[in-house]
Structure formats: C-alpha cells, structure tokens
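Structure first, then comments.
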Amino acid sequence: MLETIWFLLWGILWAIYFMLDGFDLGIGALLPFVAKNEAHKRTVYTSIGPFWDGNEVWLITAGGVTFAAFPATYAVMFSSLYTPLMLILFALILRGASLELRGKTSSQTGRLLWDFCFVIGSFLPALLFGVAFANIFKGIPVDSEGLLQGNLLTLLNPYGLLGGLLFLFLFLVHGSLWLAAKSEGEVYERAGAIARMLWPVLLIIAVLFLIFTAFQTKLYENYMGTPVLFIIPALCVSALILERVYLGKHSYWKAWFASCGTIVCATLFGVIGIYPNLFPSSLDPKYSMTIYNSASSPLSLKIMLVVALIFVPIVIVYQTWAFNFFKAKVRKNEGEEEAY
C-alpha cells in the first residue's frame, strides 16, 4: 500500500513539474520567433522572471522522491540514462545562468550569447525529457545488473523521438499561451498566432503517439484491465480540445489552464500505464525495477510520507500566492526597465 501511494506521489510530482516548468521551457525555445528586438526579449524574460526558479523546485522534489522512496530505481535510472540526464542537467544549468547573467552584460554580443544559451537550455530539456519518458514507457534495454545494453542512439529510436516531439510541442504551445496571457502589443499578437499555428501540429503528434503506444508499449494493459482508468486519456483529449476552443476566443488564460490539464493527464497516462513498474526492462521483465523490488523500507516510507504531507502543501500554497501576486500582464515599460 505504501509503495503504491509513493508511486502515485512520484507520478503527480513529475506531472506538476512538467506543467509548471513546461511553459518556461516552451518560452525559451520560442524566443527567436516571438522576440524581434530588445524590448520584446525583455518582455519575454520578465514574463517568467518571478516563476522559473520556483518551478525548478518540483524537479528537485520529483528527483528527490525517486531517490528517497525508490533508491534502487534511482541508481539504475541514473546509470543507464546517464548521458541524456546529464545533457538535461547541463542544459538546465546553462538556462539558469543565462537568466541570471544576461542582464549583467551591457554588450550586444554578450546578450546574444546568453540568448542562445537560453534557447538551447530550454529546447534540449523539453526534447530529452520526452525521449527519456517515452523510452521508460517502452522499456529500457537494461540487464540483470541494471546496465544499459546500448548507448544514446539506442534511446533515439522512433518511439523515443516521437515522445520527445510530443513533450516539445506540449511545452511550445504551453509557453506561447503563457506569453500571450502575460504580454501586450506585438509579443501578445505573435505569441497567440504561434499557439494557433502549433496546436494542429501538437494534435497530430499526440494522435500518432497514442497509436504508436499501442504497438510499442504495454501501457494499455492496465487500462484494459481497469476500464475506468480510461478517464485519464479522455480528460487529456478533452483538455487539448478546450485549448483550441479558448484559443479561438483569445481567452489565453483559460487556454493555458486547459494546457495544464493536458500536460498533467498526458504524464499520468504514461505513469498509470507502467504501474507497478518504475523502470521496465525491454530485455526481460524480471530485470524491471518495480515499486516492490526498489522501494525503501516501510518505516522510511511512513516517515517520508508524513514529511511530504506537511511540506508539499506549503510549497503549493506559496507558489499559488506567487502566481496570483504576479498574475498581471507585463507592461511595455516594465519590459524596458527589467534587468533581464
């Protein structure tokens, strides 16, 4: 029972991270397309300035839960997926450095360099998180010692790349909706237009991913065994359609919240599908890391559950307050005066 509770908490924390940091990553990858001058760039940076570092807390929390609740899975995951995970880590470091240091340089060349770092540091995690999770859904070729039988190219298989594109376009649409909701003028118009342009592409990729999932993974077995679980993909599809409905009405905040629902349900769709596995092996099911063979002791899980029930709601309350406090649009003069 404790293992299942922690599995659900693990999946929810990853879903929250993708929902929150997803718009940061999407905006970063879209920077060259939405910002045509320095004033536009400052508007873009200011729109995420009060939020991006707080959103990273959920990545630390999700990783921490993996380490504390399922240490054996953590060990196998970080050894077999070492290269993509390190690429993600370095990209996130690069992105953080660009956000902090761009405003401290006065030269145009320096700002262009940090802009490039911001774009790369946003694009790579968005793509590679999708590649990593799609491969987890499919099964990683790990042996009895937890060693990957392959290399980075093994992970860049068609299904993995499709998962990467799905995450990337989820975040691109998510980011463009956030920027449209937070900005005015040319940035507002351009962000809204980009969201409307990208949504059909996201729909096509999502449909292809669901079809390929039926052939490349065993995710649907849990759903066929418990049909009520189909409410998760049904909610995901409904939220995706709502995004387009609100886009058509230029109701960007409502569209952004619908996008939040799409990302959360898409993540939970995969997480529920692999249960009780955490890190399935494509070589032999007995090599898979499950919630039972990789969990910490019951006492540890009980103590951590008490801690999580106290502190996770505190973080949620604080971030809710922060989002509400900074919910106003970025005005033109704010973008010009901001230090980014």
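Quick notes
- Failed criterion for A295 (all others in (1) among the hydrophobic types (A, V, I, L, M, F, W, C); (2) surrounded by 15 or more Cβ atoms within 10 Å (Cβ to Cβ); (3) at pLDDT below 95; (4) closer than 23 Å to F18 by Cβ hold): (4)
- Each residue in the stretch 141-157 was checked for being under 23 Å from L127 (Cα atoms) and either at pLDDT 80 or above or loosely packed, with under 13 Cβ neighbours inside 10 Å (or both), and 11 pass.
- The requirement of being within 23 Å of G22 (Cα to Cα), free of Cβ contacts under 8 Å to residues at least 40 places away in the same chain and buried (at least 17 other Cβ atoms within 10 Å of the Cβ) is not satisfied by L247.
- Boolean, T290 is modelled with pLDDT of 90 or more and either loosely packed, with under 15 Cβ neighbours inside 10 Å or within 18 Å of the chain's Cα centre (by Cα) (or both): no
- Residue count for the stretch 79-112 satisfying the condition of being under 30 Å from V142 (Cβ atoms) and in a helix (DSSP H, G or I): 16.
- S259 being part of a helix (DSSP H, G or I) and in contact with a His (Cβ under 6 Å, 6 or more places away or on another chain): yes
- Checked against the criterion of being part of a helix (DSSP H, G or I), within 16 Å of M289 (Cα to Cα) and charged (D, E, K, R), the stretch 1-16 has at least one qualifying residue.
- Subset of the stretch 39-49 [assigned to a helix (DSSP H, G or I) and not aliphatic (A, V, I, L, M)]: H40, K41, R42, T43, Y45, T46, S47
- Any hit, the stretch 159-178, residues being out of contact with any Leu (no Cβ under 9 Å at 6 or more places or on another chain) and not in a helix (DSSP H, G or I): no
- Looking across the stretch 263-292, the residues that are touching a Pro at 6+ places or on another chain (Cβ under 6 Å), in a loop (DSSP other than H, G, I, E, B) and not polar (S, T, N, Q) come down to L283, I291.
- Among residues of the stretch 46-105 being of a type in the set (S, T, N, Q) and more than 28 Å from Y275 (Cβ to Cβ), the one that is surrounded by the most Cβ atoms within 10 Å (Cβ to Cβ) is S47.
- Across the stretch 50-67, not a single residue is classified as in a helix (DSSP H, G or I), among the charged types (D, E, K, R) and in contact with a Cys (Cβ under 9 Å, 6 or more places away or on another chain).
- Residue check for N135: crowded, with 21+ Cβ neighbours inside 10 Å and farther than 30 Å from R42 by Cα: yes
- Check on F257, surrounded by fewer than 19 Cβ atoms within 10 Å (Cβ to Cβ), closer than 25 Å to W178 by Cβ, aromatic (F, W, Y) and within 19 Å of the chain's Cα centre (by Cα): yes
- Condition check for I88: under 30 Å from K327 (Cβ atoms) and touching a Pro at 6+ places or on another chain (Cβ under 6 Å): yes
- Residue match in the stretch 204-222 (condition: under 19 Å from F171 (Cβ atoms) and touching a Phe, Trp or Tyr at 6+ places or on another chain (Cβ under 6 Å)): yes
- Checking the stated criteria, V44 turns out not to satisfy the condition of being under 17 Å from V119 (Cα atoms) and in contact with a Lys or Arg (Cβ under 6 Å, 6 or more places away or on another chain).
- Check on L208, surrounded by 17 or more Cβ atoms within 10 Å (Cβ to Cβ) and assigned to a helix (DSSP H, G or I): no
- Of note, G150 satisfies the criterion of being outside any helix (DSSP H, G or I) and closer than 28 Å to L94 by Cα.
The values are calculated or read from the model by the stated rules, or taken from the named source; none is laboratory data. The shown structure was predicted, so the numbers you read here are calculated from the model rather than taken from an experiment. We place every Cβ from the backbone using ideal geometry, glycine too, and count neighbours over all the protein chains shown.
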